1. If amide hydrogens are placed 1.01 Å from N in the peptide plane, which non-local residues have theirs closer than 5 Å to the one on residue 67?
2. Taking every Cα atom in the stretch 271-383, find the radius of gyration and the maximum pairwise distance Dmax, and write them in Å.
3. Mind listing the long-range amide H neighbours of residue 233? Cut-off is under 5 Å, sequence gap 5 or more, other chains count too, H placed in the peptide plane at 1.01 Å from N.
4. If one computes the Cα centroid of the stretch 129-164 and of the stretch 9-48, what distance in Å separates the two points?
5. Percent of Cα-Cα pairs more than 25 Å apart in the stretch 198-337, please.
6. Using only C-alpha atoms and all pairs of different ones, pull out the Kirkwood radius for the stretch 6-97 in Å with one decimal.
7. DSSP beta bridges in the chain, what fraction antiparallel, as a percent rounded to 5?
8. Only bridges with both residues in the stretch 79-314 count here: give the DSSP antiparallel percent, nearest 5.
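Read-outs throughout are calculated quantities, based only on the coordinates presented, and are distinct from any laboratory measurement. As the structure is a prediction and not an experimental result, all values here were calculated from the model. For neighbour counting, all protein chains shown are included, and Cβ atoms are generated from backbone atoms with ideal geometry for every residue, glycine included.
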Amino acid sequence: AGDAPSPRPAGAGVDERFTRFDRHPGYQQLKLMREGGQRLGIPDPFFKVHEGTAGATTTIGGRECINFASYNYLGLAHHPKVIQAGIEALKRYGSSVSASRPVSGERPIHHELERAIAETYEVEDAVVFVSGHATNVSTLGYLLGSKDLVLHDEYIHNSTLVGAQLSGARRMSFAHNDPAALEALLARHRGQFERVLVVIEGLYSMDGDAPDLKRFIEIKQRHQAWLMVDEAHSFAVMGDTGLGLREHCQVAATDVDIWMGTLSKTMSGCGGYIAGCRELVEMLRYFAPGFLYSVGMPAQVAAPSLAALAVMKEEPQRLRDLHTISSYFLEQAKARGFDIGDSIGVAVVPIIVGSSVLAASLSDALLQHDINVQPILHPAVPEKSARLRFFLNCEHTREQIDRTLDVLQVEWQARIQ
Ligand code: PMP
């Protein structure tokens, strides 16, 4: 017998599309985006480097700009007390807690922060995760299973979608801010599932609009579903004292089953929280994968959030200023004929311009005038409703807003002639 032919390697003949990163559909999409931008002479609007703190103003390329692109709504991320709290925590606890909390990462600051969040919400308990995104992914992924249903607003954040996918539950969306559409889905499907979780947001960050929480509560109660509210943009922003959507809508905190929020916005840190009843929170502490299998929140991240919550309460003028300046922006934008969609004028106001190309080009033009505002392009929003998304800050002045809207008007006019 001669030599047997060596067997064909298992990978022979596999198409390059499946072995090369540059043939991955994601990379192809990125290339198309870049080539499109270059053809139109519009620089990449993403990953601009901010060289210091970013609030009502920021420094980009050595130039001080008016800034409408930071979530630092109350200016607390550069507040001396918030910074000091971070420095002291860093000195006391070191730079990492070096383990997951159940193992050996537990520190007093975690409890202090969680207590403060629970007390502010007037619920039994709260738990903090190292990422807001992971908070939603882990909470939905853990609480629900294949016999359950997730019903969510069509504009819900990606983290809820990923969490629902991970859980294996059925998922359906209802029309934006439309309780009647939710009710129709519940009437049709409630009986086929065990647990049903309805997820909405407190303040939608692409549109600056908010749900009618009372109606959502009434519907979820009638259909025996849980209601979860993602307060990433509404906590410490909405309501006369910053208590969020529940204060804005005048409902009891315990009428919502799961309050979720982030520490990365007004709270001036990084991470997310779940606040609610004791059983819910205890269960997440012991079993939610993004908590259990992830490092504990660094103390120098937890302490500034705790300080930010205290400063929000001690300096209520900040919130009043945010509300006043947001209303001013909304009125002035409307007076100039800009399309602000359904924004209620609290902290987030979009100006809808139409095409992604126009939005990117206007954002670039504003930056030439030292005004930083992020364009929101397709597919983050439908192609015909690409926009400039303005995040307001309690430290913005009327002069800054007048100047911004005047420049926008001129640049926009120049592009339609
Ligand atoms: N939920 C919503 C509604 C958000 O807008 C975001 C992020 N902007 C998150 C969750 C995730 O939060 P984080 O950025 O703190 O991870």
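1. Long-range HN contacts for residue 67: 57, 58, 372.
2. 20.1, 53
3. Residues meeting the amide H criterion: 202, 203.
4. When both Cα centres are located, 29 Å separates them.
5. On the way: 3369 of 9730 pairs.
Summing the P(r) of the stretch 198-337 above 25 Å gives 35 percent of all pairs.
6. Numbers: mean 1/r = 0.0542 Å⁻¹.
This gives a value of 18.4 Å.
7. Numbers: 25 of 44 bridges.
Within the chain, antiparallel bridges account for around 55 percent of the total.
8. On the way: 10 of 27 bridges.
Around 35 percent of the beta bridges assigned by DSSP in the stretch 79-314 are antiparallel ones.
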